Amino acid sequence: MEHTIICGETTEELKKMKDGSVDLIFADPPYWMRTEGVLKRVEGTEYRGCSDSWDHFDSLEEYEKFTESWLAECYRVLKTNGSFWVIGGMQCIYTIGAIMQRLGFWIVNDVVWHKKNPTPNFLGTRLNNSHETLIWATKSRRSRYTFHYKTAKELNLDTVDEEAFEKGKRKQLGSVWKIPVCQGNERMKDEAGGKLHSTQKPEELLYRIIAISSNPGDVVLDPFGGTMTTAAMAKKLGRSSVMIEIDPRFCELGRKRVERTEFEDSPVARAAFDKKPRKVTMSEMIGAGYFTAGESFCLRDGQSAATLLPDGKLLFGGEVMDMHSCAAKARGSAAQRLNGFDVWYVLRDGKPVSVSEIRDAYRASLEEL
Ligand SMILES: C[S@@+](CC[C@H](N)C(=O)[O-])C[C@H]1O[C@@H](n2cnc3c(N)ncnc32)[C@H](O)[C@@H]1O
């Protein structure tokens, strides 16, 4: 996998990229926080929020112009079936969302990142601002975007109790994600040991986005790289990345972070939970020795009902038919066809074993090859 960091102004650099060349974009742009004066904690110490020069704009018009320029380029470089994610706070997300819709983006979901440990509202003048919003969008309503539904369920750790989780129970991942703000060892330090970046995003957030909406080997683009959280998580998950960042210091320290990060092979990284099982036929399994032509197919009670023919069809009451139509007949169902793999059993060591279980064993043997 390749990991590229481009040090430059994002719209200028995006313009150099080819149309439809990336699979997934995650953008964490300047929020235009409009910070003024010095903010003090209750005990009097100074709170360092985001007052960086890159977050300064003179007017809404200027912010809109900037936002439209990089969003339009992102739209162009995104593949037809790619995914676009953007994060923002209350200061900017409505502006960004409105421009996105004007440019043609189709909104799939908005996700609330509920911060488990938000910065308090020191003055007690309004609600504690404990979330940010993410917009997940595609290029059009018809885009056939990647969504690893089962992987998303697997990453949803907080919705079932521990015992149920151990038993493999999972719930659908919803649109409120409880994730702590970036902290501890994850926080990148500057040369003096202080906080390197004012708005570094938590790895878990990016891990989730990349795992559920891209495939192994895909190209992930981040037009506002910062500390390169996106590249680090792309590498961890076996995707390539292209990062753009205007500040050479972040580019340099971020490059070291990506170099330190290793690929971690896992079912989540491989999107293994969502892999569609390979289609296999009865005649193929007869050929592989998993079934024998002439053997009896029975129902769950072990009562013999049909005979397996060499081409995988069944002989039932003097009639030759496929296993699914035969399953419906043998069960006396009103339906024309039932899933024969679930209905039929064969005797192994005198005991009925489901045909579906034998198919699983055959599929597993194919994966080992
Ligand atoms: C909100 S931060 C991104 C933080 C990043 N997601 C992380 O986890 O570290 C935005 C970044 O975009 C960079 N930036 C701001 N304006 C830019 C521009 N016009 N072109 C390229 N980078 C820009 C800033 O230097 C800053 O590092």
Short to long, in 10 Å steps from zero, the percent of alpha-carbon pairs of the range 282-368 per bin is 19, 54, 24, 3, 0
Going by the alpha-carbon gyration tensor, a ≥ b ≥ c the square roots of its eigenvalues, is the range 3-274 rounded (a/c under 1.5) or, if a/c is not under 1.5, prolate (a/b greater than b/c) versus oblate? rounded
Which of the aspartates and glutamates could a cross-linker span from Lys329 if the Cα-Cα distance has to be under 12 Å and same-chain partners fewer than 8 positions apart are dropped? Glu319
Need one number: nm distance between label points at Val280 and Asp110, each 7 Å from Cα along Cα→Cβ, rounded to one decimal. 4.8
For the range 225-369, what are Rg and Dmax over the alpha carbons, in angstrom? 25.4, 80
What is the mean projected area of the alpha carbon convex hull for the range 1-116, to one decimal in square nanometres? 9.8
In straight Cα distance, which aspartates and glutamates are under 14 Å from Lys115, not counting same-chain residues fewer than 8 positions off? Glu132, Glu203, Glu204
From the cross-link list Lys139/Lys195; Lys276/Lys351; Lys15/Lys65, which pairs have alpha carbons spaced over 25 Å apart? Lys139/Lys195; Lys276/Lys351
Determine the distance separating the Cα centre of the range 283-335 from the Cα centre of the range 138-217; give it in Å without decimals. 46
With each run of n ≥ 4 DSSP H residues scored as -39500 (n - 2.57), what mean residue ellipticity at 222 nm is computed for the chain after dividing by its residue count and rounding to the nearest 500 deg cm²/dmol? -8500 deg cm²/dmol
Which of the three applies to the range 45-84, rounded, prolate or oblate, going by the alpha-carbon gyration tensor with a ≥ b ≥ c and a/c under 1.5 meaning rounded? oblate
Quick one: which of Lys178/Lys236; Lys79/Lys153; Lys189/Lys235; Lys153/Lys275 span more than 23 angstrom between C-alpha atoms? Lys79/Lys153
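Rule-based calculations on the coordinates, nothing more; no lab input. Bear in mind the structure is a predicted one, so any value in this text is a computation, not a measurement. Heads up, the Cβs are rebuilt from the backbone with ideal geometry, glycines too, and the neighbour counts pull from every protein chain shown.
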